[in-house]
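Take a look at the structure set out below.
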Amino acid sequence: MPGTAVVADARMLEHDPGRGHPERPDRLRVLLDYVAEARGLIRLGSRPASYDELALVHLPEHIARVAASAGRAGVAFDADTTTSSGSYEAARLAAGSLLVACEAVLAGEAANAFAVVRPPGHHAERDRPMGFCLFNNVALAAAWLRQRGMARVAIIDWDVHHGNGTQHLFESDPDVLYVSTHQFPFYPGTGAAEEVGIGPGTGRTLNLPFPAGFGDAEYAHAFDQIIAPIVRQFSPDFVLVSAGFDPDYRDPLASMELTPAGFATMASRCLSLADETAQGRFAAILEGGYDLRALVEGVDATLTTMRGQSTAPPPATGAARNADPVLARVRKAQSPYWRL
């Protein structure tokens, strides 16, 4: 039986947005150390995404702007998103790493796969970098998978911030389901429950806007009551996860209360959905997570679950009933499109 693959590349350390920036090279450095010592993983090399691949989701002007930063220091695309001389190549590697992960799963070389990358991607819009993100890695993978015969793709985004870029890229597409759990109201200001998609994509955007303080139990309850039923009905051919570890209770940029047990539970739920609907086809990519210890522990919990070495642990924080008012609003917004 093929196992769990990991894609990681030290060249992505060359992206350095500047001293004191939360999205610092140490985020990748600690995970490279973890991957080097972890047992039972298939290790895959990365490759840069090509221009044509990037153009599946980004305008030529956007690609050109990011490419023009190569070899230059301190190019600022917005207040949060600054590049160094190596950022363009690192961003191409980040995008390409998830494609390598998906290739391995499609080829049967891995049961599932995780791309350990930086910079992250889910805030990047079709026409601009945003929120630490240069290219939208998970959106590119979804579009790439569609080209390779996957008729429907589900993207489940558990980063603490709403993935505005991913939502906007697919909000009119009936064949990509975007699911996001996120702190709300919070950066970037999008992701209300009533944002359900546009035109033919109406009902294919599922936002679960959580107040600060939700923990393991609330997230698990949301998966069981809302996310799992909708994903099953959508019946994707491939499940992608934008795995941000900033909902951890230790993260300096957010105010949620997840523990590694919560990440293991979400990973378990996503893997089960992939097994039920997508012949097990599953790949995840790193998004946020800015406390280094929490980041390593969250990735370890996720990979341990992906390898089938643990069952979902009981919640360590929160109370399921706290999520009910939010889930009621989400259910009202989504009930015209799904059986809930």
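Where a number appears in this text, it was derived from the coordinates with a stated rule and is not lab data. As the structure is a prediction and not an experimental result, all values here were calculated from the model. Heads up, the Cβs are rebuilt from the backbone with ideal geometry, glycines too, and the neighbour counts pull from every protein chain shown.
Taking every DSSP beta bridge that has both residues in segment 4-334, what percent is antiparallel when rounded to the nearest 5? Before the final figure, lay out each step's value.
Values: 3 of 37 bridges.
DSSP beta bridges in segment 4-334 are roughly 10 percent antiparallel.
Segment 97-129 and segment 244-265 have Cα centres separated by 21 Å. Charged side chains reduced to their Cβ positions (Lys and Arg at +1, Asp and Glu at -1) give segment 195-340 a dipole of some 540 debye around its Cα centre. Projecting the Cα positions of LEU140, PRO200, SER255 onto the charge dipole of the chain (unit charges on Cβ atoms of Lys, Arg, Asp and Glu, taken about the Cα centre) puts PRO200 furthest along the positive direction. The ellipsoid equivalent to the alpha-carbon distribution of segment 4-334 has semi-axes of 26, 21, 21 angstrom, derived from the gyration tensor eigenvalues as √(5λ) and listed largest first.
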